[in-house]
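The values are calculated or read from the model by the stated rules, or taken from the named source; none is laboratory data. Note that the structure is a prediction, hence the values are computed from the model and not measured. All Cβ positions, glycine included, derive from the backbone under ideal geometry; neighbour counts span all protein chains shown. Each accessible area value is taken on the protein alone, full model and side chains, heavy atoms only, with ligands, DNA and RNA left out. Shrake-Rupley method; radii C 1.70, N 1.55, O 1.52, S 1.80 Å.
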Amino acid sequence: MNNPRVSQASRREFLRRAGLFSALTGSAAPLALNLAALGTAAAQTSGDYKALVCLFLFGGNDAFNMVLPTDAASWSAYNATRNQAPDSIALLPAGTAPVLTAEAGSPARLGGVLGINPARPQGRSFALHPLMGALQTMFNSDRRLAIVPNVGPLIVPTTKAQINGVPLPARLYSHNDQQSTWQALGPEGATLGWGGRMGDLLASANSRTVFTTVSASGNAVFLSGNVIRQYQVGSNGAIRMGADGAGRVYGSTSVASALQRLASSARSGNLLEADMAAVGGRTITAETVLRTALRPASDPAFGTPTGGNYSANADPKLRYDNPLTGATAFNNVAQQLQIVARMIDAGVSGATGVGRQVFFVSLGGFDTHDQQNRGHADLMARLAHALRYFDTTLGAIGAQQRVTTFTGSDFGRTFTSNGDGTDHGWGGHHFVMGGAVRGGDLYGSFPLLGLKNANNNNFDSSPDQLGNGALLPATSVDQLGATLGRWFGLSDAQLLDVFPNLANFNPGVRNLGFMT
């Protein structure tokens, strides 16, 4: 499962580049091979550019309070389970006015949930968290937001009756293992992510392959491929090695050039030294490209221009309304999406020589065992603001149709409360956003909410809930990823290569239908 085959097209591209340097030996060869893509002039036109953006919610998002069924039976089960002492985590019905004197983050202070109108409501009614007004608009009016309910890692389609007789993902309910399983289809220790595997298969669309998979949130196994190495950017672009933004060291371009030669040249045949030199050269050369390719963060498309030095912390576009303080606050995930938007802008223009890119950004803090009302309210506000900012920015650069953003998380959480929070679950609901998304609808079966037994925490009345009300996923991560991958340009055979569990699902359900 962790060793997918590389497509013949990408293999040919890799071998073509390698062949150009077949005559090189010694320390020059590794550096040349790694920088081959960077030395090619940008040949990719902007007409077929596409990007996938994974926004990962680290800690395990409580999706029960993000997307809610509000029909009478569901709401009754929801209240009976979540309205518990000492600190109810049950949100209030749609139309309930917020009580501004109530405790910050409390259901009373938040007011009622926000109704949404899916095109296929499955005979039920639904709502979003009270602080997701921006996403309510994107779902109901803009139709650029879809919801995929009850997604999680699965090896085969699994019902509650079958759960003890079929293979299950390894080490369920473990943060590290399930983060890895979401991103790489295997527990901690997996080395190849499905975003990176897609990059392997589509690398031939990029003349500068170094920018194929890009993280704005540190190292992410999601972006690791067999051939493609993920490239990491900081909040303001490339992570520099030595030189300043003008390509100088101590005010001198000559010193910068000397540093580049030293950092990118191995002085012996040692393999580790050669590899380190290759990394150094790749970093320096990539930064040189981005230095001129990226429009500044202060450009009106991305931020708010100022008379002096640009400050992301003070930029109104990157600030959200903090429900705990009543004041605006800086939103780091919006800033991550700002640099992603700038990279996409450069990709669409042809400045970075890419036709396909996969990005990774993240928001942490979702392990809400305690004080969930306060913590989760703030996280929902930040998530909604960041997604709306990104959608608006993509509109400003004419890229909404070219970019699809989706959420992922370790797992969902339990339906039951532990007093003022929730515990680790399995399935959860997720957003997919973009101009190519068939928004305003649900894609997949929304789970039935039941009541726990009087003498234990089992939910025998629901076919979708396990112990403590955790959701048994109805849709696999493989199905979600394959639907995105098909839009991205992968063939059916390539999708089966990237998502090995997909073969266990009927062909009729491998495409969830949320992409045009």
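Heavy-atom accessible surface of the chain, averaged per residue, reaches 38 Å², computed with a 1.4 Å probe.
Scattering from the chain was approximated by placing one identical point on each alpha carbon and applying the Debye formula without solvent; log10 I(q)/I(0) at 0.06, 0.08, 0.10, 0.12 1/Å stands at -0.29, -0.52, -0.79, -1.10. The residue among Ser268, Pro93, Leu145 whose Cα reaches farthest toward the positive pole of the charge dipole of the chain, with charges on the beta-carbon of Lys, Arg, Asp and Glu, is Ser268.
Per-residue Karplus couplings for the range 127-140, computed as 6.51 cos²θ - 1.76 cosθ + 1.60 with θ equal to phi - 60°, are listed in order as 8, 10, 3, x, 9, 10, x, 5, 6, 4, 5, 5, 7, 6 Hz, Gly and Pro entered as x.
Take the Cα of Glu273, step 7 Å toward its Cβ, do the same at Thr325, and the gap between the two points is 5.1 nm. Taking a label point 7 Å from the Cα of Ala170 along the Cα→Cβ vector, which residues of the range 210-225 have an amide N closer than 19 Å to it? Inside the label zone: 221-225.
Within a Cβ distance under 13 Å of Gln479, other residues only, what is the Lys/Arg minus Asp/Glu net charge?
+1
Among residues other than Gly303 with Cβ under 9 Å from its Cβ, the summed charge is -1 (Lys and Arg +1, Asp and Glu -1). Using the Cβ of Arg510 as centre and a radius below 9 Å, the other residues enclosed give a net charge of -1, where K and R count +1 and D and E count -1. Using only protein heavy atoms and a 1.4 Å probe, report how much of Arg374 is accessible, in Å² to the nearest 10. It works out to around 80 Å².
Shown are Leu379, Leu512, whose ranking by accessible area with a 1.4 Å probe and every protein chain present, most to least, is Leu512, Leu379. Candidates Gln84, Ser215, Asn176 compared by Cα position along the dipole of the chain: farthest toward the positive end lies Ser215, with charges placed on Cβ. Sorting Glu273, Glu188, Glu287 by accessible area puts them as Glu188, Glu273, Glu287; the probe is 1.4 Å, largest comes first, and only protein heavy atoms count. Under the simplified labelling scheme, the Asn117-Tyr310 pair shows an inter-label distance of 3.9 nm, with each label point 7 Å from Cα along Cα→Cβ.
The charge dipole of the range 59-208, taken about the Cα centre with unit charges on the Cβ atoms of Lys, Arg (+1) and Asp, Glu (-1), comes to about 360 debye, rounded to the nearest 20.
Note on Thr96: accessible area approximately 50 square angstrom, rounded to 10, probe 1.4 Å, nucleic acids and ligands left out. Screening the chain for DSSP H helices whose Cα atoms reach 20 Å or more along their own axis and whose mean Kyte hydropathy is at least -1.0 gives 271-293, 332-349, 372-396. Taken about its Cα centre, the range 287-391 carries a charge dipole of roughly 220 debye when the Cβ of each Lys and Arg holds +1 and the Cβ of each Asp and Glu holds -1.
Put a plus charge on the Cβ of each Lys and Arg, a minus charge on the Cβ of each Asp and Glu, and nothing anywhere else: the dipole of the chain about its Cα centre is then about 1380 debye. Could you tell me which of rounded, prolate or oblate describes the range 80-125, using a ≥ b ≥ c as the square roots of the eigenvalues of the alpha-carbon gyration tensor, with rounded for a/c under 1.5 and, failing that, prolate when a/b is larger than b/c and oblate otherwise? In terms of gyration-tensor shape, oblate. Per residue, the chain reaches -9500 deg cm²/dmol at 222 nm when only DSSP H runs of four or more residues are counted, each adding -39500 (n - 2.57). Of all the accessible heavy-atom surface of the range 317-361, with the other protein chains kept in place and a 1.4 Å probe, what percent is carbon and sulfur? Answer for the range 317-361 is 48 percent, counting heavy atoms of protein chains only.
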